[in-house]
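For reference, the structure discussed in these notes is given below.
The values are calculated or read from the model by the stated rules, or taken from the named source; none is laboratory data. Fair warning: this is a prediction, and the values are worked out from it, not measured in the lab. Neighbour counts are summed over all protein chains in view; Cβ atoms, including those assigned to glycine, are modelled from backbone coordinates with ideal geometry.
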Amino acid sequence: MKLLDQMRMELRYRHYSIRTEKSYIGWIRRFIHFHQKRHPGDMGDHEVKQFINWLASTRNVAASTQNQALCAVLFLYKNVMKRDMKWIENITWAKRPKRLPVVFSAAEISRILLLLEGPHRLIANIMYGSGLRLSESVSLRIQDLDFDYRQVMVRNAKGGKDRPTILPESLVNILRDQIEKVRLIHGDDLKNGFGTVYLPYALKRKFPNASREFNWQYLFPAKTISIDPRSGIKQRHHIHIDSVQRMIRSAVKRSGISKKGSSHSLRHSFATHLLEAGYDIRTIQELLGHEDINTTMIYTHVLNKGAGSVKSPIDNILQ
């Protein structure tokens, strides 16, 4: 079996997402080509450092990109090739700069949402209304919505964890309508001999017929049926994450807002506005799914709870 095929199998065995799989495989290809197609088995820490330094100095990539490339290469050596990893202690990880999140005001959020249409608007509503990441929003299943308890259950989130978050009252009827649209699409797919969705391998083995059940269908299905890159099965996936990113980015630009925001700014705004409303930091941490409270604490610096709470001495003179 080829080395990259072995790596794919190992990534899937460890339940890495399809996006991470594609990213890691891409980095290994770049690593091999950088060293004139030498086999990774003939290389070691020296060649890894050369590649990472080239990314930083010549390609001038961001620290997060540099670290992702390093993670991919180290995954190959440690988990696929089963190499002794003592030399990892000499690897220098890029230090990510600390930046404050871009947060939109409530008025700015309203302007952005009004410029979106269809499922893109509803996804943006969920990101801001429930604090979901974009990847979590597009991959929601019908059964993840609990209307009785007004909860959205986020499955297999960052770190492989599940968490509940709030289901906004104002979105209940809109979400019910979306479910009925999915029901019609699913019914047509079943009539045409399709109707399955991707399930993690453990679930697929345990519940072989679950992929056809309505509750497992994606809340935001793609417009067309496509071939699953992992299983090779022709089925309907969820809406593509890139299309939602483009639409939100376009809406931000057309709104005239000068901030350099993105789809993730909706999640940042959710956390900041809850903090502004007086909710405690621990509750917000749980809703966001942050493992470390310090990750959530960054939102205090956006409000009058961090540096913004200090009154400038010049205000006593000029006001």
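Take Leu140 and tell me if it is modelled with pLDDT of 95 or more and more than 17 Å from Pro221 (Cα to Cα).
no
Which is farther than 28 Å from Arg230 by Cβ and modelled with pLDDT of 90 or more, of Gln6, Gln36, Gln68?
One residue alone meets the criteria, Gln36.
How many of the residues making up the stretch 40-66 are more than 26 Å from Lys98 (Cβ to Cβ) and not in a helix (DSSP H, G or I)?
Here the count works out to 2.
Output the residue which, of all residues in the stretch 113-158 that are of a type outside the set (Lys, Arg), on the phi > 0 side of the Ramachandran plot and surrounded by fewer than 18 Cβ atoms within 10 Å (Cβ to Cβ), is nearest to the chain's Cα centre (by Cα).
Going through the qualifying residues, I end up with Asn156.
May I ask you to verify whether Leu203 is within 25 Å of the chain's Cα centre (by Cα), under 18 Å from Gly129 (Cα atoms) and either surrounded by fewer than 15 Cβ atoms within 10 Å (Cβ to Cβ) or modelled with pLDDT of 95 or more (or both)?
The answer is no for Leu203.
May I ask you to list the residues in the stretch 206-240 that are closer than 20 Å to Lys22 by Cβ, within 17 Å of the chain's Cα centre (by Cα) and buried (at least 16 other Cβ atoms within 10 Å of the Cβ)?
Once the filter is applied, which keeps residues that are closer than 20 Å to Lys22 by Cβ, within 17 Å of the chain's Cα centre (by Cα) and buried (at least 16 other Cβ atoms within 10 Å of the Cβ), the stretch 206-240 yields Tyr218, His237, His238, Ile239.
For the stretch 187-200, name all the residues that are without any contact (Cβ under 8 Å) to a residue 12 or more places away in the chain and assigned to a helix (DSSP H, G or I).
Gly187, Asp188, Lys191
I'd like to verify a number: residues in the stretch 220-243 that are assigned to a loop (DSSP other than H, G, I, E, B), over 21 Å from Leu184 (Cα atoms) and among the hydroxyl-bearing types (Ser, Thr, Tyr), how many?
The qualifying residues number 1.
In the set Leu184, Leu203, which member is assigned by TED's automatic domain parsing to the domain that holds Glu286, hydrophobic (A, V, I, L, M, F, W, C), farther than 23 Å from Glu21 by Cα and assigned to a helix (DSSP H, G or I)?
Leu184
Return yes when Lys37 is over 30 Å from Leu275 (Cβ atoms) and in a loop (DSSP other than H, G, I, E, B) and no when it is not.
So Lys37 fits the description; yes.
Mind checking which pairs have a first residue in the stretch 44-73 that is not assigned by TED's automatic domain parsing to the domain that holds Arg30 and a second that is surrounded by fewer than 21 Cβ atoms within 10 Å (Cβ to Cβ), Cβ under 7 Å, 6 or more apart or different chains?
Nothing qualifies.
List, please: which pairs have Cβ atoms under 9 Å, are six or more places apart or on different chains, and start with a residue in the stretch 228-241 that is of a type in the set (Ser, Thr, Tyr) and end with one that is not in a helix (DSSP H, G or I)?
If the second residue must be not in a helix (DSSP H, G or I), the pairs left are Ser231/Tyr198.
Could you tell me whether any residue of the stretch 102-112 is under 19 Å from the mean Cα position of the chain (by Cα) and either surrounded by fewer than 15 Cβ atoms within 10 Å (Cβ to Cβ) or at pLDDT 95 or above (or both)?
Checked against the condition, which is being under 19 Å from the mean Cα position of the chain (by Cα) and either surrounded by fewer than 15 Cβ atoms within 10 Å (Cβ to Cβ) or at pLDDT 95 or above (or both), the stretch 102-112 yields no hits at all.
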